[in-house]
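Beneath this line is the structure, given in structure tokens, with notes to follow.
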Amino acid sequence: MTEPRWCIGCHDPFGRDRALTVLVEDDLVVLVPPPGASAVLSAQQTRSLGLVLDQAADRADEVRAG
């Protein structure tokens, strides 16, 4: 089964387009930052990240419950 994966568009501190990746590996939620390990998010991107983290947490709970 392919692990669930979401990407949230963002920018680095220099204004270049980047993406923050959220994935579920077993029963863990993993955040993969863009190169340089900084992500600058707008208010809307922050709300999108919150929704994605909720979905990832639900998936991790499903995996844990078996």
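Taken together, the values in this text are just the output of simple stated rules run on the coordinates, not laboratory data. Quantities reported herein were computed from a predicted structural model and do not represent experimental measurements. Here the Cβ is made from the backbone with ideal geometry for all residues, glycine too, and neighbour counts use every protein chain on show.
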For the chain, list log₁₀ I(q)/I(0) at each q in 0.16 Å⁻¹, using the Debye formula over Cα point scatterers of equal strength and ignoring solvent, two decimals each. -0.53
Counting each DSSP H run of 4 or more residues in the chain as -39500 (n - 2.57), what helix-only mean residue ellipticity at 222 nm follows after dividing by all residues, to the nearest 500 deg cm²/dmol? -12000 deg cm²/dmol
Degrees separating the helix 43-65 axis from the principal Cα axis of the chain, which is the longest one: 20 degrees
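Could you list Leu23, Leu31 in order of exposure, starting from the residue whose Cβ has the fewest other Cβ atoms within 10 Å?
Values: Leu23 17, Leu31 14.
Starting with the residue having the fewest Cβ neighbours, the order is Leu31, Leu23.
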